[in-house]
Every structure is written in structure tokens, then in C-alpha cells.
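Enquirer: Would you mind keeping the following structure in view while I ask a few things?
Please treat every number below as a calculation from the coordinates, not as lab data. Every value quoted in this text rests on a predicted model; they were computed, and no experiment measured them. Cβ coordinates were reconstructed from backbone atoms using ideal geometry, including for glycine residues, and neighbour counts include every protein chain displayed.
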Amino acid sequence: MNKVYRLSFYPLVLVCLFLINIWNISKSQLTTEIKLEKKKNEERIKTLFSSNIMKTREIKDISLYSILDGSKLRIINKDSTYLVILLSDFDCRKCQENELLNLQKIREQFEERGIKIICITIKEKVNKITSEMKYLRLNIPLNYVENEIYYNTFSFFDKYPQILLIANGYVTKIFKPISGDLELSKMFYDFLLLDI
């Protein structure tokens, strides 16, 4: 009888160790998920705060230049509403691609409301952005402006992409997407479509 207890003791210890190990792994995964969720929410709050404390900027008549030949192509004027996407160097290539793909999907909804979507960059970044847009098969107009106008008039942050809603010659809404947070981007566009 004593031998039977000894033989069953080792499997029981192994099963207990196995269960304790599974419990520790699930506990650490849950802790990691909670930390990631907390970090994501902190980033969302920072983005919303930085987007909402901006001062309204007036956008005077600004000429955009064609990426093909450098000629003046379009003028942002006070009579129209634009959704401007500022593209430049980015921390996360996939994030910028996702934003552009999101905009491609909802482009018709904005155009039905009379909002023109324009991508803007600086001359030095045209080749890089163009190749990215070709790779993604996007059909959103891309233009460039002078560096001074880009950084002093349009850009609010040092990270890209940035989404600006320009209505009646003023920047009324700004959005800075968060790397890897497609849900926040979708919520912003849904809110924007409802608000317009």
C-alpha cells in the first residue's frame, strides 16, 4: 500500500506543478494585457487632449503643387471644406498605410457631403509617399506645399500622419492617429461623418 502511495505521489506532484504553471502563465498574460490596454487608453487620452486644445488656425488661400510637374494645381480656399491628410516621415509605416486605406474606404461618404480629401506632403517626401500610395493602390490626390507652409500652417504635431478638417478657411478638427489603434481612427471618422 505504501508503494502505491509513492507511485501516485510523483504524478500528483507533476499535475500540481503543471496546474500552477498554467495559472502563472495566464496570470502574467492577463497582467500584460491590462498593461497594454492601460497604455493604449493613455495614448488615446493624450491624443484627444492634444487634438482638442489646439488653437483654431486660419488657412488663407494656399496653393498646392502637382506632384507630376510642380505646377500650381489647386488652391485651398475659404469657400470649401477639406479633409487634409499630412504625410511625411512616420514612426510606423503600417499605421500610415492603415490610415490611408481607411480614408480610401470612406472617401465616397465624405465626397457626398461636399468634403474634398487631399493628401499633402513636402517636395522632399513626394517620391517616398507616391511609391507607398502606388503600393496600396490608392486613388487619393497627393500634392505638395512649401516646407514653411507645411510646418507652420498645417502641421500641429511632430508625428505623422495628421488629419485636419478645414472648414470655411479654419482648421476646425485635428486628429493624430495612434500607432496600431485602428479602433480609435474608425471612431474618429464615424464621429466626423455624424458631426458634419
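Enquirer: Could you tell me what percent of the DSSP beta bridges with both partners in the chain are antiparallel, to the nearest 5?
Expert: 65 percent
Enquirer: For LYS72, which lysines qualify as cross-link partners when the Cα separation must be under 24 Å and same-chain residues fewer than eight apart are set aside?
Expert: Candidates past the 8-residue exclusion: LYS60, LYS116, LYS123, LYS125, LYS128, LYS134.
Enquirer: Diagonalise the Cα gyration tensor of the chain and give the resulting equivalent ellipsoid semi-axes, square root of 5 times each eigenvalue, largest first, whole Å.
Expert: Details: eigenvalues 522, 64, 42 Å².
Taking √(5λ) for each Cα gyration eigenvalue gives 51, 18, 15 Å.
Enquirer: Follow-up question, since we're still on this one. So how do VAL126, VAL84 line up by other beta-carbon neighbours within 10 Å, fewest first?
Expert: Working: VAL126 18, VAL84 21.
Sorted ascending by nearby Cβ count, the order is VAL126, VAL84.
Enquirer: For the chain, set up a Gaussian network in which alpha carbons nearer than 10 Å are linked by springs, and say which option among PHE18, PHE110, PHE154 fluctuates the most.
Expert: Greatest mean-square fluctuation among the candidates belongs to PHE18.
Enquirer: Okay, next question. Using +1 on the beta carbon of Lys and Arg, -1 on that of Asp and Glu, and nothing else charged, what's the dipole of the chain about the Cα centre, debye to 20? Walk me through the intermediate numbers first.
Expert: Working: 30 positive and 24 negative charges, 149 e Å.
Here the chain has a charge dipole of around 720 debye.
Enquirer: While we're looking at this one, here's another question. Taking springs between alpha-carbon atoms closer than 10 angstrom, which of SER131, SER26, SER88 fluctuates most in the Gaussian network model of the chain?
Expert: SER26
Enquirer: On to the next question. For LYS38, list the lysines whose Cα falls under 26 Å from its own Cα; do not include residues on the same chain fewer than 8 positions away.
Expert: Filter leaves LYS27, LYS46, LYS94, LYS159, LYS173, LYS176, LYS186.
Enquirer: Short version: ³J(HN,Hα) in whole Hz for each residue of segment 164-174, in order, from phi by Karplus 6.51 cos²θ - 1.76 cosθ + 1.60 (θ = phi - 60°), x for Gly and Pro, what are they?
Expert: 10, 9, 10, 10, 6, x, 10, 6, 9, 9, 10
Enquirer: At a 10 Å Cβ-Cβ cut-off, how would you order ARG137, ARG107, fewest neighbours first? Intermediate results must be reported in sequence, preceding the final value.
Expert: Values: ARG137 8, ARG107 17.
Lowest count first: ARG137, ARG107.
Enquirer: Now for a separate question. Under the Kirkwood approximation for Rh and a Cα-based Rg, what ratio Rg/Rh is obtained for segment 92-189? Display every interim value, and only then the final one.
Expert: Details: Rg = 13.2 Å, Rh = 14.2 Å.
Answer for segment 92-189: 0.92.
Enquirer: Would you list, by chain and number, the aspartates and glutamates whose Cα falls below 15 Å from the Cα of LYS39, excluding same-chain residues fewer than 8 positions away?
Expert: Leaving aside aspartates and glutamates fewer than 8 places away in the same chain, those within reach of LYS39 are ASP181, GLU183.
Enquirer: Something else: Report the one residue of ILE75, SER8, MET187 whose Cα lies farthest in the direction of the positive end of the charge dipole of the chain (charges on C-beta: Lys and Arg +1, Asp and Glu -1; origin at the Cα centre).
Expert: Of ILE75, SER8, MET187, it is SER8.
Enquirer: Go ahead and estimate [θ] at 222 nm for the chain from helices alone: -39,500 (n - 2.57) per DSSP H run with n ≥ 4, summed, over the residue count, rounded to 500.
Expert: Numbers: 4 runs with 96 residues, N = 196.
So the helix-based figure for the chain works out to -17500 deg cm²/dmol.
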